[in-house]
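One structure below.
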Amino acid sequence: MGKIKNLDTVEFKNVKFNFSGENETLFEHMNILFPNNKNLRLVGSTGSGKSTFLKILAGLELPSSGEYLINGISIGDLSFEEFTSYRLNIGFSFEYGGLLNNKSLKENILLPSQYHREFEVPGGKQRMHQLIERAGLKETANLRPSMVPGSHRKMTVVLRSLIMRPQLLLLDEPTIGLTAEGKEFLINLLKSERDEGYLKTLVFSSHDEMFCNEMTNTTIYIKDKKLIYSVDEAKRRVV
């Protein structure tokens with residue numbers, strides 16, 4: 001099994017979602033071809049399903065009906081092993097937690113490359129050490145999550161999502177708990193990944209005004225179980 005070189009197209013076709021065992025529908029009739037080279041902000045009220053939307057994109061949840069297509073292939077038709085070659089190009093950062101408490105911050109950052117040993121992290125461990133130093137984690141990199149400030153734990157979660165240099169990056173409230181310096185570093189890092197040709201599409205949920213002002217090209221609204229996709233605020237359309 002080789003790593004897929006490019007995520008050329010990522011698309012939802014008539015996606016509907018409800019949690020297993022529950023009758024209430026969270027999403028319905030979602031249709032969107034995610035644009036390349038864009039930063040998409042996901043906006044919705046509390047409980048509207050922003051985090052679930054990101055988990056569907058990450059392949060952590062499957063649509064109840066409809067199709068999630070990558071390069072025209074429905075992920076519902078792929079085995080776990082077949083989907084792994086696509087997943088390697090997808091980075092996902094949880095809003096809270098997600099770190100292994102029995103491993104150091106450095107080990108947590110490297111988890112994706114350790115799990116997929118046949119694939120090298122672009123830039124190798126040297127890049128990881130550079131990121132750790134630039135992110136202000138040098139003094140705590142060898143400590144476990146319970147021994148470090150919350151801002152360091154949060155930065156570790158975000159860096160882990162970027163370590164494989166994904167083409168599709170999904171961030172759920174990425175700046176919660178970060179210092180002002182940490183937020184500035186993250187914004188510059190994401191812009192650098194874009195400029196260097198690694199990051200194609202960023203989809204994120206955030207209430208951080210500075211981060212949103214710096215990173216938003218396009219907005220996707222979740223309202224009444226549907227998506228409203230807006231390149232231009234004056235030209236919103238249901239999709």
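Remarks
- Strands (runs of 3 or more DSSP E) fully within segment 1-71 counting 1 or more residues that are modelled with pLDDT of 90 or more and aromatic (F, W, Y): 10-17, 27-33, 65-70
- Counting the residues of segment 182-232 that are in a strand (DSSP E or B), of a type in the set (S, T, Y) and in contact (Cβ under 8 Å) with a residue 40 or more places away in the chain gives 6.
- Within segment 8-39, the set of residues being surrounded by 19 or more Cβ atoms within 10 Å (Cβ to Cβ) and within 19 Å of R165 (Cβ to Cβ) comprises V10, F34, N39.
- L26 being in contact (Cβ under 8 Å) with a residue 60 or more places away in the chain and under 19 Å from the mean Cα position of the chain (by Cα): no
- Qualifying residue in segment 97-115 (condition: modelled with pLDDT of 90 or more, under 26 Å from E196 (Cα atoms) and surrounded by fewer than 18 Cβ atoms within 10 Å (Cβ to Cβ)): yes
- Residue within segment 156-178 that is farther than 22 Å from S51 by Cα and in a helix (DSSP H, G or I) present: no
- Residue within segment 189-199 that is surrounded by fewer than 14 Cβ atoms within 10 Å (Cβ to Cβ), under 26 Å from N37 (Cβ atoms) and of a type in the set (S, T, Y) present: yes
- Failed item in (1) touching a strand residue (DSSP E or B) at 6+ places or on another chain (Cβ under 9 Å); (2) within 19 Å of F204 (Cα to Cα), with T46 passing the rest: (1)
- Unmet requirement for T84, which otherwise passes all of (1) more than 21 Å from G177 (Cβ to Cβ); (2) at pLDDT 90 or above; (3) surrounded by fewer than 20 Cβ atoms within 10 Å (Cβ to Cβ); (4) of a type in the set (S, T, Y): (2)
- Of the residues contained in segment 65-74, none is found to be farther than 24 Å from L159 by Cα, of a type in the set (D, E, K, R) and touching a residue at least 60 places away in the same chain (Cβ under 8 Å).
- Test: G136 is at positive phi, in contact (Cβ under 8 Å) with a residue 24 or more places away in the chain and not basic (K, R): yes
- Extreme residue, nearest to the chain's Cα centre (by Cα), among residues of segment 40-50 that are surrounded by 15 or more Cβ atoms within 10 Å (Cβ to Cβ) and among the small types (G, A, S): G49
The values are calculated or read from the model by the stated rules, or taken from the named source; none is laboratory data. Please read all numbers here as calculations on a predicted model, not as lab measurements. Glycine also receives a Cβ, built like all others from the backbone with ideal geometry; neighbour counts cover every protein chain displayed.
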